[in-house]
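The values are calculated or read from the model by the stated rules, or taken from the named source; none is laboratory data. Bear in mind that the values here come from a model prediction, so they are computed numbers and not experimental data. All Cβ positions, even for glycine, are placed from backbone atoms using ideal geometry, and neighbour counts span all protein chains on display.
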Ligand code: FES
Ligand code: FES
């Protein structure tokens, strides 16, 4: 099978690149498009640090063959901030000290974005469920759960004042 | 069959730094032409927060806002030497080196400000917002941005400083083994509350009470982060993690995250953490190191809590259901009912 041209909508921008057969979405984002926020932790779907949103759904980009999502809308951590302004999830991660080494952070934030997109007022159990596929070695998870709940609160507050 | 509750505690004294060869680290600091103080280090921040601590130490010593400090740890080939981030030494060694470098830079900064304002350097003070002012005449002042420009283009001065922390090397006395191995020691105690299911052997850690004497917590939120993240790792070692479950046979060893068990976000104990501060005289602003020790005390505390709950004394980690059940079986054979 020859390499093929794949087109994706990445963070609102149409991107085209050449992908070898079976190339993963993660490899294409990192190597062809230079978007290195999504990390390669395990390359087998077990750590979650490669998580990006595919048409709004969180997916382990290391497991997705890129040709199977051709034409989809992909959202990565690079697309979360508006210009230099961090969004609620990013700023809550900072304010709640939810990151240490930061290796899990890109995946945690994308999972949180997907959760808050579909449920603006999640319970603590919902948050735990949402991040349960993401491994963190540093924080003990608790600050991450608190940060996501705080981000939800800030986003609801902003929605009211807008 | 029942769920049995137990409580146990364990304490740890942990050395800050080591002392073979004196365990030195260096820091260099210089002001850019716009008054940003660049702290050059070869120390690595892998999430423990040394860049934040170095910036805090520099800002405090310089008397400038933390926004005026930029910590550069980019290159161990070209940076001033650091022995490394190990032995819970970063805050202590690097913090002290940064303070020494920043103190020298502050001296130059005040000298240049004295020239600029045509006053005596001894009459100057910093206000923490970026101004260097004459004591008692606050309107006679210069901002660090203007001063750094003037230093470079007008006075021909570099506002810079050098720092190193070296503990006097100590080698063991051959007869006694006596030596001075560390710079100070941090102390901690953890109380664990567990529940043991005597039917399944599953141990659940319900609560951890962590008390840490850390000299001074330069950044209390980050110190708590270390304590609670470390305690999580302690729980993980105590109950889950092993690469060799049937050592020396490696047959059932995990190969990846799917098989290497760690507690997830739904398995967390409630943690209560308390920092006690008794400044160490040789620590940077009194701080001791607390990096590595944080995973230690929870493990024996959990072992003791298991013993308290069900009488099983486990000495090999992790405290898996299998080990708990074997222990319970052994107790039953000892005292048949
Ligand atoms: S790298 Fe994709 S889940 Fe670990
Ligand atoms: S912050 Fe290090 S893995 Fe989560």
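Testing residue B:186 on (1) under 24 Å from residue B:43 (Cα atoms); (2) within 14 Å of chain A (Cβ to nearest Cβ), one condition comes back false. Which one is that?
(2)
Which of the residues belonging to the range B:13-39 are surrounded by fewer than 21 Cβ atoms within 10 Å (Cβ to Cβ) and closer than 21 Å to residue B:88 by Cα?
Hits for the range B:13-39 are B:13, B:15, B:18, B:19, B:20, B:21, B:22, B:24.
Can you name the condition, by its number, that residue B:224 falls short on among (1) within 14 Å of chain A (Cβ to nearest Cβ); (2) not in a helix (DSSP H, G or I)?
(2)
Working only within the range A:78-104, note down all residues that are surrounded by fewer than 24 Cβ atoms within 10 Å (Cβ to Cβ) and within 16 Å of ligand 1 (Cβ to nearest atom).
Residues satisfying the conditions are A:101, A:102, A:103.
For residue B:267, work out the one condition from (1) closer than 16 Å to residue B:195 by Cβ; (2) modelled with pLDDT of 95 or more it doesn't fulfil.
(2)
Out of everything in the range B:50-79 that is surrounded by fewer than 23 Cβ atoms within 10 Å (Cβ to Cβ), in contact (Cβ under 8 Å) with a residue 12 or more places away in the chain and assigned to a loop (DSSP other than H, G, I, E, B), what residue ends up being farthest from ligand 2 (Cβ to nearest atom)?
Across the range B:50-79, the extreme among qualifying residues is B:63.
Quick one: would you say residue A:23 is closer than 13 Å to residue A:110 by Cα and modelled with pLDDT of 95 or more?
Numbers: closer than 13 Å to residue A:110 by Cα: no; modelled with pLDDT of 95 or more: yes.
Spelling it out, it is not the case that residue A:23 is closer than 13 Å to residue A:110 by Cα and modelled with pLDDT of 95 or more.
Listed here are the residues, each with its yes/no results for (1) buried (at least 21 other Cβ atoms within 10 Å of the Cβ); (2) within 16 Å of ligand 2 (Cβ to nearest atom); (3) assigned to a helix (DSSP H, G or I).
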{"site": "A:121", "(1), (2), (3)": "no, no, no"}
{"site": "A:127", "(1), (2), (3)": "yes, yes, yes"}
{"site": "A:134", "(1), (2), (3)": "yes, yes, no"}
{"site": "A:137", "(1), (2), (3)": "no, yes, no"}
{"site": "A:140", "(1), (2), (3)": "yes, yes, no"}
{"site": "A:144", "(1), (2), (3)": "yes, yes, yes"}
{"site": "A:150", "(1), (2), (3)": "no, no, yes"}
{"site": "A:155", "(1), (2), (3)": "no, no, yes"}
{"site": "A:159", "(1), (2), (3)": "no, no, yes"}
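Look through B:299, B:290 and report the one residue that is assigned to a helix (DSSP H, G or I), more than 11 Å from every other protein chain (Cβ to nearest Cβ), in contact with a helix residue (DSSP H, G or I) (Cβ under 6 Å, 6 or more places away or on another chain) and crowded, with 20+ Cβ neighbours inside 10 Å.
Working: B:290 fails: assigned to a helix (DSSP H, G or I).
None of the others qualify; the one that does is B:299.
Name every residue in the range A:105-131 that is more than 16 Å from ligand 1 (Cβ to nearest atom) and within 10 Å of another protein chain (Cβ to nearest Cβ), in order of residue number.
Residues satisfying the conditions are A:124, A:125, A:127, A:128, A:129.
Can you tell me which residue in the range A:3-19 is nearest to ligand 1 (Cβ to nearest atom), limited to those that are in a loop (DSSP other than H, G, I, E, B) and touching a helix residue (DSSP H, G or I) at 6+ places or on another chain (Cβ under 9 Å)?
The extreme case among them is A:11.
Name the residue that is surrounded by the fewest Cβ atoms within 10 Å (Cβ to Cβ), counting only residues in the range A:106-119 that are more than 12 Å from ligand 2 (Cβ to nearest atom) and under 27 Å from residue B:234 (Cβ atoms).
A:111
Where residues in the range A:26-49 are part of a helix (DSSP H, G or I) and more than 10 Å from ligand 1 (Cβ to nearest atom), which of them is farthest from the other protein chains (Cβ to nearest Cβ)?
By that ranking, first place goes to A:32.
Of everything in the range B:232-286, what is in a loop (DSSP other than H, G, I, E, B), in contact with a strand residue (DSSP E or B) (Cβ under 9 Å, 6 or more places away or on another chain) and more than 30 Å from residue B:93 (Cα to Cα)? Give them in sequence order.
If the condition is that a residue be in a loop (DSSP other than H, G, I, E, B), in contact with a strand residue (DSSP E or B) (Cβ under 9 Å, 6 or more places away or on another chain) and more than 30 Å from residue B:93 (Cα to Cα), then B:263, B:268, B:269 are the ones that fit.
Consider only pairs whose beta carbons are under 6 Å apart and that are at least six residues apart or on different chains; among these, list those whose first residue lies in the range A:85-101 and is touching a residue at least 60 places away in the same chain (Cβ under 8 Å) and more than 11 Å from chain B (Cβ to nearest Cβ) and whose second residue is assigned to a helix (DSSP H, G or I) and within 12 Å of ligand 2 (Cβ to nearest atom).
Going by the 6 Å Cβ cut-off, the qualifying pairs are A:89/A:109; A:92/A:147.
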